[in-house]
Amino acid sequence: MTEKIQKEENLALEVRHVTKRFPGVIANDDVSFSLKKGEIHALLGENGAGKSTLMNVVYGLYAQDEGEFLIDNKVVEINGPSDAINYGIGMVHQHFMLVPVFTVAENMILGSEVTKGTSLDLRRAKKEILEISEAYGLKVDPDALVENLPVGVQQRVEILKALYRNANILVLDEPTAVLTPQEAEDLFDVMRELTQKGVSIIFITHKLKEILNVADRVTVMRRGKVVGHTKPSETDAQGLATMMVGRDVLLQVEKTPAKPKEVVLEVNHLKINDERDIEVVKNVSFNVRAGEILGIAGIQGNGQTELIEALTGLRDAKSGEIHLSGEIIPFEKPRYLVEHGMGHVPEDRHKHGLVLAYNLADNTVLNTYYQKPFASKMMVRNDQAVLSNAIELIKRFDVRSPGAHVAAGTLSGGNQQKVIVAREFSRPLKVLIANQPTRGLDVGSIEYIHKEIIKMRDDGVGVIVISAELDEILSLSDRIAIMFRGEIVTIIDAESATREQLGLWMAGANPEMA
Amino acid sequence: MDDQQNSDKNNTSAKDRLSALWQVVSVPVAAVLLALLIGAVILAVSGANPIEAYAALLEGSFGSMAAFGRTLSKATPLIFSGLAVAFAFKAGLFNIGAQGQLLFGALASAVAGFAITGLPPFLHTTLSLLIGATAGALFAYIPGALKAYTGAHEVITTIMLNYVAINITDYITDGPLKDTANGNIVARTPEILDSAKIPYLGEIPAGFLLAILAVVVVWWILQRTTLGYEIRTVGLSPHAAKYAGMRVPFTIILTMVISGFLAGMGGAVETLGIVGRYQPGFNVGLGFDGITIALLGKTSPFGIIPAAILIGAMKAGASTMQFEAGVAKEITDVIQALILFFVTADMIVRKLIRSKTENGTGVTLSGWGQE
Ligand SMILES: Nc1ncnc2c1ncn2[C@@H]1O[C@H](COP(=O)(O)OP(=O)(O)OP(=O)(O)O)[C@@H](O)[C@H]1O
Ligand SMILES: [Mg+2]
């Protein structure tokens, strides 16, 4: 058949019948999948469906138990990332793998060092990096330290790193999860440009709009298996959601008007300096009432992170007061907050939210481990109580894992997030601070967590939601505070807010003029 | 990590457990075998018969009840120093200062052993042990506090404090507390009273049983108490520990103090059980051996016991080997150094025995001195 021959000619990568098992789970179950030359192929699936695993197998990080790969129609053996790199595969991982204390250039050449004799030829490397970044419109400073770069730029470094090694198959595992909408748009431009130059891209995301926006084809996975293929032209967001979850999903948040009661959290004239002693939060005051959701919107780097850290006991403030249920809270005392009814879903789940080497049971008591029934008065831990609590939470929050005994680091990114949410939502709360609560979650889980947040509100909890997703802020919040350059420029009713207006204020437009 | 937490349906099969165990012990076992192998090559090259030499080593360490007793008494302080290093490591701290803490423990217990009189045996021994351990704990407080309050890296401070410990103990034993009985001119303290000595139960030194008890207690603290949970959390992720409301600086100091307590007790059992007084030079290396033992035992309390017995056996059998096979004792030091090299060069060993990490890089445990 001519059609078949033609099809084969155009394939950059073909995965045939790949199976990968972990103790207690089949992460990939007879998965077949093909990537055409120059296409953007989206991989969609629930948390824990096996997307990252499949890509890690392709990249040689895991050895498959069964199955084979074809690159340019030839069967190849991939025994490690160096093989994958040699075959032109580049991967940007779900959780970045850059060395924070190295410069951009040093990170880029790590593993493929350009040498002059026995010493590094950093000058030549820098020149090459600048050439590539010029060619693809990915601007970076080769001499900047990675730890000082915003995530969006770190992302760019990761992509450049792959291109620097001549990748013509690029795997992007949830690259937009930590990007602002504008950064994401920039990334899509880069992706389109790359395909123009013949690069083929596998793109993993949970954001259906993004798939409809940039993908040429979509492969949908569920519980380790491929359950279908489609194209953006043949479906819509609802169709994609149904296909991946296997049931109809509510993409809109359903809620009744809030019935706010007494003030539970009050912030007065808060000023915060960052590590460089620069004032990043300038005289911020606001309050949150029981039974309402206050959304905080703002472009990353306008003081939200520091504000939330101070609210949750992770950072000291220069001046000002925070009242929790009428009492002034001490700064930098997270335990006080836990004991006085504050729940906190932290922004960075690997840094603060979880101990990756701990099993799920130990992670579900991270901040209550010393309380009854998890420990006796004599500080002896009660493993049985910890375990049964964890098993219950795993069930209630639908954490997909082989059980409470596995290390949190082995869970898929979305399921890691669910462990944190389960821990924080299961305590009796007065105030809940949810920072990027659905980052990296699939639509089904987002629906669930949004419902839980609304339920919290209706049970009389005062909720603060911070999100890079304007849609999430708009659909959850009852009131919205907009932050710009360390100040809350205005607080408005969510009812009357529009995307466009919020966008303008976040960019610095003066609300008084409107 | 927690072997008791398998009561939810997913009981791991016996085979899975075996392979999990193999994952843990394969590197240490391979490291020891490789070290012995290279040791054999060195012996052969230098003209000795390696089989003969190893046979003599084995005979001198396990060949008789007396030999076995000697192995155990050599292993006893090593269990303590290994435990001290391993314990600190759980909080992410690399206590190179076990040596210095051990010296202070040895000296303080010796002082308690000869200066306190009129106590019944058991009480005198216990008191001297505790005084030795406390001296180690106090000395370890210094690097702990420096780390917690100023961020000074414990590797640097403990290395320097080792010299402080050596010089202070040297001075004390050659000056204020020098033994002057019978015209002695050697730098050493007077001998301890019989009431302070740790007895032998047949060939088995009672100190060894104490060491085993210490292993169990340390394991229990780490795995079963909230303090252990705090220590492990601080070690694995200081940021998560802060989020969890733990007092990170306090935990760092307390961990160092407990580590120093263990090292100090190691010095005390050496003084009270073997040497009988403090004499500079007699305890050299015991604290440093603790680093090898902690690594060989994979920093797990129970792993310390076989690791310490192995190193203890080499020390115990070295003389027999020298005597019977005519091989210089120092070959055991070479083997021990090779073991340390191979356990730390985990990656090389893994390559050599091709134990490919099937599960990939899903979980990365934090390494030495991680911040
Ligand atoms: N190293 C590992 N060890 C054990 N199990 C693992 C490991 N890595 C992944 N798994 C399991 O394999 C399954 C698939 O995980 P994977 O990370 O591929 O999901 P995913 O589709 O990328 O999900 P997400 O959207 O949440 O990132 C999960 O059940 C996970 O627990
Ligand atoms: Mg993933």
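Since every read-out is calculated from the coordinates, none of them should be taken as a lab result. Small disclaimer: the values here were computed from a predicted structure and weren't measured. Backbone-built Cβ (ideal geometry, glycine too); neighbour counts: all protein chains shown.
Structure summary
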quantity: Of the GluC sites (Glu not before Pro) in region A:17-86, those whose Cβ has at most 15 other Cβ within 10 Å and which sit in DSSP loop; calculated: A:Glu77
quantity: GNM result for chain B, Cα springs below 10 Å: residue of B:Ser195, B:Ser259, B:Ser128 fluctuating most strongly; calculated: B:Ser195
quantity: Pair-distance profile P(r), taking every C-alpha pair of region A:349-427, with 5 angstrom steps and integer %; calculated: 3, 18, 31, 26, 15, 6, 1, 0
quantity: Computed over the protein assembly as shown, Kirkwood Rh from alpha-carbon pairs, angstrom; calculated: 30.6 Å
quantity: Kirkwood-based shape ratio for region A:2-245, expressed as Rg/Rh from alpha carbons; calculated: 0.97
quantity: Chain B - Kirkwood radius from inverse mean 1/r over Cα pairs (Å); calculated: 21.6 Å
quantity: Overall dimensions of region B:107-266 as given by Cα atoms, namely Rg and Dmax in Å; calculated: 18.8, 63
quantity: Stokes-Einstein D for region A:88-191, Kirkwood Rh over Cα pairs, 20 °C, 1.002 mPa s (µm²/s); calculated: 155 µm²/s
quantity: Set of aspartates and glutamates with alpha-carbon distance to B:Lys178 below 18 Å, sequence-local pairs under 8 removed; calculated: B:Asp170, B:Glu191
quantity: Pair-distance profile P(r), taking every C-alpha pair of chain A, with 20 angstrom steps and integer %; calculated: 21, 53, 25, 1
quantity: Region B:219-350, Cα convex hull volume normalised per residue, Å³; calculated: 143 Å³
quantity: For region B:145-238: rounded, prolate or oblate by the Cα gyration tensor [a/c cutoff 1.5]; calculated: oblate
quantity: Interatomic Cα distance distribution for region B:45-183, bins of 5 angstrom, percent; calculated: 2, 9, 13, 15, 14, 13, 12, 11, 7, 4, 1, 0
quantity: Positive-pole candidate from A:Ala404, A:Gln371, A:Asn389, dipole of region A:349-427, charges at beta carbon; calculated: A:Gln371
quantity: GNM flexibility winner over chain B from B:Thr255, B:Thr344, B:Thr271 (Cα, springs under 10 Å); calculated: B:Thr344
quantity: Semi-axes of the equivalent ellipsoid for region A:286-339, Cα gyration tensor, largest first, Å; calculated: 18, 16, 10
quantity: Those lysines that a straight Cα-Cα span of less than 18 Å connects to A:Lys318, excepting residues fewer than 8 apart in one chain; calculated: A:Lys271, A:Lys282, A:Lys333
quantity: When each of A:Lys418/A:Lys455; A:Lys209/A:Lys430; B:Lys15/B:Lys90; B:Lys197/B:Lys298; A:Lys351/A:Lys430 is checked by Cα-Cα distance, pairs over 23 Å; calculated: A:Lys209/A:Lys430; B:Lys15/B:Lys90; B:Lys197/B:Lys298; A:Lys351/A:Lys430
quantity: Rg followed by Dmax, in Å, when region A:112-271 is reduced to its Cα trace; calculated: 21.4, 72
